[in-house]
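The values are calculated or read from the model by the stated rules, or taken from the named source; none is laboratory data. Small disclaimer: the values here were computed from a predicted structure and weren't measured. For neighbour counting, all protein chains shown are included, and Cβ atoms are generated from backbone atoms with ideal geometry for every residue, glycine included.
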Amino acid sequence: MSYDIIGDIHGCSGSLVRLLETLGYAKVDGVYRHPSRLVAFLGDFIDRGPDQRGVINIVRPMIKSGAAVSVMGNHEFNAIAYYSQRGDGRGYLREHSEKNYRQHEMFLNAYEPDLSEYADVIAWFKTLPLWLDLDGFRLIHACWDESWINRIKQHYGSILLSDALLDAASRPETWEFEAVETLLKGKEIPLSPGNSFQDKDGNERHHIRIRWWDGAATTYRQAFFGPESASTHIPDDEVDGDHLLNYSHHEPPVFMGHYWLEGQPQGLAGNIACLDYSVAKPGGKLVAYRWDGESTLSNEKFVWVDRQEK
Ligand SMILES: [Mn+2]
């Protein structure tokens, strides 16, 4: 089966409709379908953009009817934790702080007024798997880390976010926290002691997000995954310890979202593609990859639409 893999949508329903139509999907009985293809979503349907409900009302019926599959994004994970009470009765699994509220405000404004609808959409988020290892390709929101994937499989026996895993992953001292952080938010490594750099907002940082698939990167600067302008501030020293991952070019292609890339959509390696091109920001794009079974990805198969107003 051929798939159109679509990156982070973040409440931008107009861009989603435009992209689906560009790819040849049309509504049949209220659900977008293609005569011979399926969609694979990478999560992050919500937060930031103007039409939270509109996006859910397109993607949810597609998944339910078998026209699409999807993994969970960090924004769905956060939404579940924001909604869910702690086991000890002391508040919520994700703190209702000013910062967390602001990040989630557009979604809460759309759903919170109707508690049964709010509960229903959160329950649906829990049906989204943390990763999908499909026939010939893989989907993950941010980082395909085989060791965390295997550990979750072994301990929880599932690709879904059970209540037990949700609870453990909401406590920073647990391995589950680190596992879910890595899979859904990317792999970060500490700089060597005493080193730091200033990010674009002027914050001092002691960790960098890494090109987790890139075994050829051996220095902090080479391993850094982020804007070119920031990389000049990263020390070019050899990475200490066994922190890097490597994703062999013999492995199936991995599609991910999450990273708010800019510029012309293109592959990061022959079998690695990020499809998040910041649709919720001015100048952003909603990006798809048209996959037809190939194990080596081609830059000609990226398709995108410019961000639409709604
Ligand atoms: Mn995202």
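If we scan the stretch 35-52, do we find a residue that is assigned to a helix (DSSP H, G or I) and at pLDDT 95 or above?
Step one: list which residues in the stretch 35-52 are assigned to a helix (DSSP H, G or I), which gives 52.
Pick out the ones that are also at pLDDT 95 or above and you get 52.
Among the residues of the stretch 35-52, at least one is assigned to a helix (DSSP H, G or I) and at pLDDT 95 or above, which makes the answer yes.
If you go through the stretch 24-32 one residue at a time, do you hit one that is under 23 Å from the mean Cα position of the chain (by Cα) and of a type outside the set (Ser, Thr, Tyr)?
For the stretch 24-32, residues under 23 Å from the mean Cα position of the chain (by Cα) and of a type outside the set (Ser, Thr, Tyr): absent.
With respect to Gly157, determine if the residue is in contact (Cβ under 8 Å) with a residue 12 or more places away in the chain, in the same structural domain as Arg290 (by TED's automatic domain parsing) and over 17 Å from the mean Cα position of the chain (by Cα).
no
Tally up the residues in the stretch 147-190 that are part of a helix (DSSP H, G or I) and either touching a helix residue (DSSP H, G or I) at 6+ places or on another chain (Cβ under 9 Å) or within 16 Å of Trp131 (Cβ to Cβ) (or both), please.
Counting residues in the stretch 147-190 that are part of a helix (DSSP H, G or I) and either touching a helix residue (DSSP H, G or I) at 6+ places or on another chain (Cβ under 9 Å) or within 16 Å of Trp131 (Cβ to Cβ) (or both) gives 27.
Condition first: on the phi > 0 side of the Ramachandran plot and either among the aromatic types (Phe, Trp, Tyr) or in contact (Cβ under 8 Å) with a residue 40 or more places away in the chain (or both). Can you find one or more residues in the stretch 134-151 that meet it?
Within the stretch 134-151 (the criterion being on the phi > 0 side of the Ramachandran plot and either among the aromatic types (Phe, Trp, Tyr) or in contact (Cβ under 8 Å) with a residue 40 or more places away in the chain (or both)), the answer is yes, since at least one residue qualifies.
Checking the conditions here, which among Glu21, Glu76, Glu112, Glu95 is within 26 Å of Leu275 (Cβ to Cβ) and more than 14 Å from the ligand (Cβ to nearest atom)?
So the residue among Glu21, Glu76, Glu112, Glu95 that is within 26 Å of Leu275 (Cβ to Cβ) and more than 14 Å from the ligand (Cβ to nearest atom) is Glu21.
Search the stretch 252-276 for residues being more than 16 Å from the chain's Cα centre (by Cα) and free of Cβ contacts under 8 Å to residues at least 24 places away in the same chain, and hand back the single one that is nearest to the ligand (Cβ to nearest atom).
That would be Gly263.
Could you grab the pairs with beta carbons closer than 6 Å, sequence gap of 6+ or different chains, first residue in the stretch 35-61 and more than 19 Å from Arg307 (Cα to Cα), second one among the acidic types (Asp, Glu) and away from the ligand (no atom under 15 Å from the Cβ)?
Sorted first by the residue in the stretch 35-61, then by its partner, the pairs are Arg37/Asp4; Val39/Asp4.
When only residues in the stretch 222-233 that are surrounded by fewer than 20 Cβ atoms within 10 Å (Cβ to Cβ) and part of a loop (DSSP other than H, G, I, E, B) count, which is farthest from the ligand (Cβ to nearest atom)? Steps first, please.
Taking the stretch 222-233 first, the residues surrounded by fewer than 20 Cβ atoms within 10 Å (Cβ to Cβ) are 222, 226-233.
Among the residues that remain, those that are also part of a loop (DSSP other than H, G, I, E, B) are: 226-227, 232-233.
Values: Gly226: 15, Pro227: 16, Thr232: 26, His233: 24 Å.
Ranking the qualifying residues of the stretch 222-233, first place goes to Thr232.
Looking for whichever is farther than 21 Å from Leu245 by Cα, assigned to a loop (DSSP other than H, G, I, E, B) and at pLDDT 95 or above here; the options are Asp120, Asp135. Which one fits?
Among Asp120, Asp135, only Asp135 is farther than 21 Å from Leu245 by Cα, assigned to a loop (DSSP other than H, G, I, E, B) and at pLDDT 95 or above.
Of everything in the stretch 74-98 that's of a type in the set (Gly, Ala, Ser) and in contact with a strand residue (DSSP E or B) (Cβ under 9 Å, 6 or more places away or on another chain), which residue is farthest from Trp124 (Cα to Cα)?
Once the filter is applied, the top-ranked residue is Gly91.
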